[in-house]
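A.B. asks: Please see the structure below; I have some questions.
Every number here is computed from the coordinates shown, using simple stated rules; none is lab data. This is a predicted model, so every value here is computed, not measured. All Cβ positions, glycine included, derive from the backbone under ideal geometry; neighbour counts span all protein chains shown.
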Amino acid sequence: MVIATPLDHAEDLKTALDKAGENSNELELFIEAAKKSYGNFGYRAATFLIEGMPEQDLTQLNCEFLKENLSLAMKARMEFSWCKNLPEELFFNDVLPYASLDETRENWRPQFYQQCRKLVAKASTSTEAVQAINSKLFNQINVHYNTGRKKPNQSPSESIEQNRATCTGLSIILVDACRSIGVAARVAGTPLWTNNRGNHTWTEIWDEGWHFTGSDEYNSAGLNRGWFVGAASKANKSNWKYSIYATSWKKTGIHFPMVWNAESKQINAFNVTDRYTGKSNLNSLENEVLIRVQDRNGGKRIEVKAELLDEKKQILASQNTKAGRADLNDIAGFSCNPNKPLWLRLIQGDQVKQIPLRRSNDGEVMVDVQWDELPNESEITNSQLAAVTAWLTAPAKVRPQSLPSEWAKGDLSKVDSKKAINLIWEDYRKQLANERQNEIASKTIQLGDKKMRYLEKVFGDTKEDKRSLWISMHGGGGAPSRVNDSQWKNQINLYQPKEGIYVAPRAPTDTWNLWHQSHIDGLFDRLIENYIATRGVDPNRIYLMGYSAGGDGVYQLAPRMADRFAAASMMAGHPNDAKPDNLRNLPFGLFMGGKDGAYDRNKTAEKWKNLLTQLNKNDPTGYKHMVRIYPKMGHWMQLKDAESLPWMAKHTRNPWPKKIIWQQSKGITSRFYWLQIPEKKLTKGQVVTAIVEGNTIRINTEKVSHLNIRLSDHLLDLDSQIKISVNGQDKFNSKVKRSALEIIKSLDQRADPTSVATASVSLKL
């Protein structure tokens, strides 16, 4: 740093005096007094101080205040060896100023001089002086870090009156105390760490070069140490908000960014980022997993012993978490091995708690622990619910993908399984919302090379988790993109449900079978998941509808995705090769103009009417349907088909029906309600019929070699023995255990909390 010794600054001085207005007389008196007492040196000191003054000070500070400030600064220069030899430019810029930032102006030098000269009596260097002050002064004045202060930029007396200050207030005190005994000092800080965790300020002092220390963070090992070294080493000079600044009285063309007064540019500064990001700091990298412990949710930080353990429970590192007077950004942490499972053990007295960890590839991760909510280590081995709580305590970035096997040996009770589902789902929902925020905001879903855009309208005012979702497919197909775009934009305005979110997706292709293709299933699954996770949609109140080519899509999709919907309605479409058998548990509406003869739509609708009627006759509790064929209508039904919406709204999905008819045809799926066929064992023509009676499941299959039965207390009593027969042969007769692992697996397969299985049975047929 180079600051030119003030020589002839007539123009700068004139500008300052002009800004002072009526107060200019006080400033001129101060200059005269300074020259009279200290000669040309005093004159240079006084003019330097005035030229760098913030405009508010120019109009308010009087001669007596400035004279006393100069007098005590000169007294320190003559008394302390480190100040006698200090270059003039450093003395002017970093000892003489009466303030650091925009704090309340006050005469702090007399008190701090009397107090600090005793503390530095044995010091021979500025470093020794600063260490002595930092180790004792804050205890003497009883001021320590506390976010309960009235304002961040408190003056020393304001902080002493409250017995509290934040890092900024503490830094102001330490800088002023240092200046009072002639140590060149300045406030340093950053508006924001590169991890966006917050801002911070500290103190820099001169001793044959600039050094730093945390304010009220004495380190017996010396200067240039502190919890923030790693964070500072990652500062970014090219981005002002991630840079590091040090205050200056002399104008520099750069201002010190004060986060509490962001618009102010009155405080001058140097950008000193390079000193903190240099080679000297490269070995002090920021820990990747940081640990904060509170006594309770929203409570106080507490100190506990934190141990990082390897998979054999050998201690790799140990730290105490920060509490009390520690800065909120001062957090204990560890760097984690990227390839091995780890454990974090927390100890306070005779209480021991534990969570599993893994290294994140996404940089720093914060682990927040509420001590009273985290179960003791002994509880975890006896209770899967306790194990789930401990597992979920670790943030997703550093959490093992699933519950550790050694924690999954116990059984979940019926009551605990409900609690576990709620805990795991809420965590899963938050992750999903975060991971998919971009596609949700853009209303665009892309899987592989297929992209699906969508429009939405919201109707009614329904509570969270109770909203309906209406998926309405447009017509067109086999036409230029502009034609299908027009159909799409028309679809969003076609129907108006009484309540819910009405969504019109744009088909990914412009082919004649735009809604028939197998990629639609995955896109719709993802669309549904997004709305459940982020918009409060009830998974059991999702409805499917479509007009013309969109009606073709309903014919196709409703049977193979019947387990996702509460009801479906087809308008003016054609089924092609679709069959209604899978609609046993899905209320199905069919709406057609009697004169809609293209592709024999009207005749085919009559056939489906007869099929649904017969299916319902043979199975009276299944195949609910509503068929309207309007004799005088053609392809356009003039919205008479809108009567389908209130009919559909009467129905809610049962994700655990007692009877299932599942036939695989075009667009095969691996999961249907509570039945599942492994992906590698799927083939067309597979048929599964399953019936639950009491605690017995009877299954008949065709072309099925492997079958997984997903179980829940919604389906049968998991506390009792379960019998399963397949094609007349007994395959299972035993009790099952509810498992958190099954819950996790179920949600990984489908983000649907109401269809979560708590146990399963896998059969090779």
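A.B. asks: So if I place +1 on the C-beta of Lys and Arg and -1 on the C-beta of Asp and Glu, and nothing else carries charge, what would the dipole magnitude of the chain be about its Cα centre? I want it in debye, nearest 20.
C.D. replies: Values: 103 positive and 87 negative charges, 735 e Å.
Rounded to the nearest 20 debye, it is 3540 debye.
A.B. asks: Answer rounded, prolate or oblate for the chain, using the Cα gyration tensor with square roots of eigenvalues a ≥ b ≥ c: rounded when a/c is under 1.5, else prolate when a/b is larger than b/c, else oblate. Walk me through the intermediate numbers first.
C.D. replies: Numbers: a/c = 3.92, a/b = 2.19, b/c = 1.79.
Note, shape of the chain comes out prolate.
A.B. asks: What's the FRET efficiency of D510 with D748 using the Cβ-Cβ distance as r and R₀ = 35 Å, to the nearest 0.05?
C.D. replies: Working: r = 34 Å, r/R0 = 0.97.
It comes to 0.55.
A.B. asks: If you average the alpha carbon positions of the range 168-205 and of the range 503-517, how far apart do those two centres end up, in angstrom?
C.D. replies: 61 Å
A.B. asks: Pull out a ≥ b ≥ c, the square roots of the eigenvalues of the alpha-carbon gyration tensor of the range 289-410, then state rounded if a/c is under 1.5, prolate if not and a/b is larger than b/c, and oblate in the remaining case.
C.D. replies: Working: a/c = 1.63, a/b = 1.20, b/c = 1.36.
Taking the square roots of the gyration eigenvalues as a ≥ b ≥ c, the range 289-410 is oblate.
A.B. asks: Sticking with this one: Too long at a 31 Å Cα-Cα cut-off: which of K353/K737; K35/K84; K75/K241; K136/K397? Please list the in-between numbers first.
C.D. replies: Values: K353/K737 26 Å; K35/K84 19 Å; K75/K241 39 Å; K136/K397 41 Å.
Beyond 31 Å: K75/K241; K136/K397.
A.B. asks: Here are some pairs, K723/K764; K300/K419; K659/K764; K36/K67; K150/K234; K305/K409; which of them have Cα atoms lying more than 19 Å apart in this structure? List each step's numbers first, then the result.
C.D. replies: On the way: K723/K764 15 Å; K300/K419 27 Å; K659/K764 21 Å; K36/K67 11 Å; K150/K234 31 Å; K305/K409 28 Å.
Check vs 19 Å cut-off fails for K300/K419; K659/K764; K150/K234; K305/K409.
A.B. asks: What list of ³J(HN,Hα) values in whole Hz, one per residue of the range 628-643 in order, does the Karplus curve 6.51 cos²θ - 1.76 cosθ + 1.60 (θ = phi - 60°) give from phi, with Gly and Pro shown as x?
C.D. replies: Going residue by residue, I get 10, 10, 8, x, 8, 9, x, 5, 8, 9, 6, 6, 4, 5, 5, 5 Hz, with x marking Gly and Pro.
A.B. asks: In nm, what is the difference between 0.36 nm times the number of residues separating D713 and Q446 and their Cα-Cα distance? Write out the running numbers ahead of the final one.
C.D. replies: Details: separation 267, 0.36 × 267 = 96.12 nm, distance 3.58 nm.
Extra length from D713 to Q446 when fully extended: 92.5 nm.
A.B. asks: With r as the distance between the Cβ atoms of S37 and N219 and R0 = 45 Å, compute the FRET efficiency 1/(1 + (r/R0)^6) and round to 0.05.
C.D. replies: Details: r = 40 Å, r/R0 = 0.88.
Efficiency for this residue pair is about 0.70.
A.B. asks: List the aspartates and glutamates whose Cα sits under 13 Å from the Cα of K237, skipping any in the same chain fewer than 8 residues away.
C.D. replies: D274
A.B. asks: Let me know the shape class of the range 434-591, please: from the alpha-carbon gyration tensor, a ≥ b ≥ c as square roots of the eigenvalues, rounded when a/c is under 1.5, otherwise prolate if a/b is greater than b/c, or oblate.
C.D. replies: Numbers: a/c = 1.44, a/b = 1.15, b/c = 1.26.
Here the range 434-591 falls in the rounded category.
A.B. asks: Please list, by residue number, every one of the trypsin sites (Lys or Arg not before Pro) in the range 435-540 that is coil in DSSP and has at most 10 other beta-carbon atoms within 10 Å.
C.D. replies: Values: sites: R436, K443, K450, K451, R453, K457, K463, K466, R467, R482, K489, K498, R506, R526, R535; in loops: R436, K443, K463, K466, K498, R506, R535.
Passing both the DSSP loop test and the Cβ count: K463.
A.B. asks: Please give the FRET efficiency for V259 paired with K764, using the beta carbon to beta carbon distance and R0 = 56 Å, rounded to the nearest 0.05.
C.D. replies: Working: r = 64 Å, r/R0 = 1.14.
Efficiency, rounded to the nearest 0.05: 0.30.
A.B. asks: I've got another one for you. Tell me the label-point distance for the pair R325, V415, using the 7 Å Cα-to-Cβ offset, in nm and rounded to one decimal.
C.D. replies: 4.7 nm
A.B. asks: Pull out the extension gain between A317 and S335, defined as 0.36 nm times the separation in residues minus the alpha carbon to alpha carbon distance; nm, one decimal. Walk me through the numbers before you get to the answer.
C.D. replies: Details: separation 18, 0.36 × 18 = 6.48 nm, distance 0.93 nm.
Stretched out fully, the A317 to S335 stretch lengthens by 5.5 nm.
A.B. asks: To continue, here is another question. In the chain, what % of DSSP beta bridges are antiparallel (nearest 5)? Don't jump to the answer; show the numbers that get you there.
C.D. replies: Working: 75 of 111 bridges.
Taking every DSSP beta bridge with both residues in the chain, the antiparallel ones total about 70 percent.
A.B. asks: Now for a different question. If you take every DSSP beta bridge fully contained in the range 591-725, what fraction is antiparallel? Give it as a percent rounded to 5.
C.D. replies: Values: 16 of 22 bridges.
Of the beta bridges lying entirely in the range 591-725, close to 75 percent run antiparallel.
A.B. asks: Work out how much length N616 to K650 would gain on full extension: take 0.36 nm times their residue separation and subtract the Cα-Cα distance, in nm to one decimal.
C.D. replies: Details: separation 34, 0.36 × 34 = 12.24 nm, distance 1.85 nm.
Value of the extension gain: 10.4 nm.
A.B. asks: If I take every Cα pair under 8 Å that is 6 or more residues apart in the chain, average their sequence separation and divide by the length, what percent do I get for the relative contact order? Please report the intermediate quantities before stating the final value.
C.D. replies: Details: 1566 pairs, mean separation 48.2, N = 765.
6 percent.
A.B. asks: Would you calculate a helix-derived [θ] at 222 nm for the chain, using -39,500 (n - 2.57) for each DSSP H run of n ≥ 4 and dividing by the full residue count, to the nearest 500? Don't jump to the answer; show the numbers that get you there.
C.D. replies: On the way: 22 runs with 247 residues, N = 765.
That calculation yields -10000 deg cm²/dmol at 222 nm.
A.B. asks: Hey, another quick one. Which distance in nm do the two modelled labels at K14 and S157 give, with both placed 7 Å along the Cα-to-Cβ direction?
C.D. replies: If labels sit at K14 and S157, their model points lie 3.8 nm apart.
A.B. asks: What are the aspartates and glutamates whose alpha-carbon lies under 17 Å from the alpha-carbon of K489, with same-chain residues fewer than 8 places away excluded?
C.D. replies: K489 reaches E456, D510.
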